[in-house]
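Structure record follows, encoded as structure tokens.
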Amino acid sequence: MSKFGLLGIVAAIGLLAGCASNIEQVRNTAPVGPTFTESLAREYRDFALFESDQMYDWTDANYFARKGLAAEQGEVVLPESLDAWNLPEESLADLQSGRARLVGFLDDGARDAAPELAARAQARFDCWVEQQEENHQPAHIAACREEFLAALDALQTAMAPEVPAVEPAAGPTEFRIFFEFDRYRLADSTNGRQVVQDVLAEARELGTPSVSLIGHADRAGPEDYNFALSLRRADAVREALIEGGIPADRITVSGRGEEDPLVPTEDGVALQENRRVEIFLQ
């Protein structure tokens, strides 16, 4: 055996011994510390042991064991740089896109905001890179890639800014006054005077609101008669509100006749629910 051959064997033995030392060290550690540090160290430990114990790839197992040990010591451990790996050309664009998204989240504070997801995404990205370089186990490549993308999507959701709840725009306050058959005066209503008092009280709280009065009739009688009757009902309520202190220029009046029943009926049906004035404050 030549001198150089002997030296090569000695170097190889030393390398394997170093690998074994890192792998055994990471095997026997119980990562502690801040959540991201602990999670990242555990992810790299599990990956290193998988490469060592199941794939018998002690070189890569040693490499990721060192990353796990460095993370456990609180060092800044970054996702793999693609330039350091001999990757198939057709996979580069996909890997570059994934790494850019991951680094973007890490730079935006994902290590603190979602530490376990951030650690999972980083370790699964490195797994994808390692498997893609070997490029002979499609199922393993796909598994690492899919697990990385799933963690990345979850990270994106966790990092999405909270959208403040928007208070719905306040709608108009509505009141109804119901009338006896073929009547339009408040004295001929079932609840008119009380409703007028309620409207006035609400108007005082709102501070000079706009008031819309819409008169309605039931379907008994001719359409033109019912239209005029619906207007007379709205006008009667208008006069009561003006007497109560609401400025006349804040009140609008309209009539719908029998066109918009509260309860749909056949023509000719006299139903009190449809003989009404609707009052809207806004």
Legend entry - Residue in region 119-140 that is nearest to S91 (Cα to Cα), counting only those that are touching a Ser or Thr at 6+ places or on another chain (Cβ under 8 Å) and in contact (Cβ under 8 Å) with a residue 60 or more places away in the chain: R120
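Quick one: which of T190, T157, T208 is among the polar types (S, T, N, Q), under 37 Å from the mean Cα position of the chain (by Cα) and surrounded by fewer than 18 Cβ atoms within 10 Å (Cβ to Cβ)? Break it down into steps so the answer makes sense when it comes.
Working: T190 fails: under 37 Å from the mean Cα position of the chain (by Cα); T208 fails: under 37 Å from the mean Cα position of the chain (by Cα).
Matching residue, one of T190, T157, T208: T157.
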Inset, instruction - For region 77-87, indicate whether the set of residues that are within 15 Å of R27 (Cβ to Cβ) and either surrounded by 11 or more Cβ atoms within 10 Å (Cβ to Cβ) or polar (S, T, N, Q) (or both) is non-empty. - result: no
Legend entry - Matching residues in region 28-48 - criterion: being surrounded by fewer than 18 Cβ atoms within 10 Å (Cβ to Cβ) and of a type in the set (A, V, I, L, M): A30, V32
Inset, instruction - For region 157-174, state whether one or more residues are among the acidic types (D, E) and touching a residue at least 12 places away in the same chain (Cβ under 8 Å). - result: yes
Inset, instruction - Could you list, in sequence order, all residues of region 257-278 that are free of Cβ contacts under 8 Å to residues at least 60 places away in the same chain, crowded, with 20+ Cβ neighbours inside 10 Å and not acidic (D, E)? - result: G257, N274
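No value in this document is a laboratory result; all are computed from the given coordinates. For clarity, every value in this text was computed on a predicted model and none was experimentally measured. Reconstructed Cβ throughout: ideal geometry from the backbone, glycine too, with neighbour counts over all protein chains shown.
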